[in-house]
Amino acid sequence: AVRELRDDVLAVLRAAARGEPRPAAAVRRINEHLVRRPVVRLLRPEADGVELRVAADGPPLSELLATVAAAVVELLAGPDAGRLALCDAPGCGQLYLRDRRNQRWCGDACGTRARVVRHQRRVGGRST
């Protein structure tokens, strides 16, 4: 069940990062977790504190799946949805939130790797 939800979450988040329509079957399965075990947002005493909590008692695995499904909905419906991106570096493909509009890599290591590959292609793999 965890792997199936992971695959659905990745499919939906990758589609969102690419600006493509969300896969209907994955959306349906994610929503089923939320319908079975609703998750509510609760305020914490801290000014910016919010917590997701499953509204009804149940097995820990069901709570975990519902909480993950709710977090996906929170991300895609929230202010950070437009920042979601896929790393452009060779061999990465990691999801991340952009810090700036033209950011192409999830981190410095991926940026370095991408620049090295681009340089090697330009010079034709010649050694000095």
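The values are calculated or read from the model by the stated rules, or taken from the named source; none is laboratory data. As the structure is a prediction and not an experimental result, all values here were calculated from the model. Ideal geometry is used to build each Cβ from the backbone, glycine not excepted, and the neighbour counts take in all protein chains shown. Just the protein is used for accessible areas: all its heavy atoms, side chains included, with ligands, DNA and RNA removed. Shrake-Rupley method; radii C 1.70, N 1.55, O 1.52, S 1.80 Å.
Any chance you could run the full-extension gain for Ser62 through Val35? It's 0.36 nm times the residue separation minus the Cα-Cα distance, nm to one decimal.
Length gained, Ser62 through Val35: 8.6 nm.
Can you tell which of Leu13, Leu43, Leu84 shows the greatest fluctuation in a Gaussian network model of the chain with Cα springs below 10 Å?
Leu43
Determine the relative contact order of the range 86-125: mean sequence separation of Cα pairs under 8 Å and six or more apart, normalised by residue count, in whole percent.
Reported as a whole number, the value is 39 percent.
Ignoring everything except DSSP H segments at least 4 long, calculate the 222 nm mean residue ellipticity for the chain; use -39,500 (n - 2.57) per segment, divide by total residues, nearest 500.
Dividing the helical sum by the residues of the chain leaves -16500 deg cm²/dmol.
Compute the acute angle (0 to 90°) between the alpha-carbon long axis of helix 108-123 and the principal axis of greatest extent of the alpha-carbon atoms of the chain; round to the nearest 10°.
That works out to roughly 30 degrees.
Under a Cβ-only charge scheme (Lys and Arg +1, Asp and Glu -1), can you give me the dipole magnitude of the range 86-125 about the Cα centre, in debye to the nearest 20?
200
Probe of 1.4 angstrom, ligands and nucleic acids ignored: what's the accessible area per residue over the range 15-124, in square angstrom?
68
Over the Cα atoms of the chain, compute the convex hull volume and normalise it per residue, giving Å³.
Looking at the chain, the number lands at 158 Å³ per residue.
Helix 60-77 sits at what angle to the longest principal axis of the chain, using alpha carbons and giving 0 to 90 degrees rounded to 10?
Roughly 60 degrees, rounded to the nearest 10.
Stretched out fully, how many nm does the piece from His119 to Arg53 gain, at 0.36 nm a residue minus the Cα gap?
Working it through step by step, the gained length comes to 18.9 nm.
In the chain, which cysteines lack any other cysteine Cβ under 4.7 Å from their own?
Taking the Cβ cut-off of 4.7 Å, the unpaired cysteines of the chain are Cys110.
Between Leu97 and Arg22, what is the label-point separation in nm under the 7 Å Cα-to-beta-carbon projection?
1.8
Report, to the nearest whole %, how much of the accessible area of the chain belongs to carbon and sulfur atoms, 1.4 Å probe, protein only.
Heavy-atom surface of the chain belonging to carbon and sulfur, 1.4 Å probe: 52 percent.
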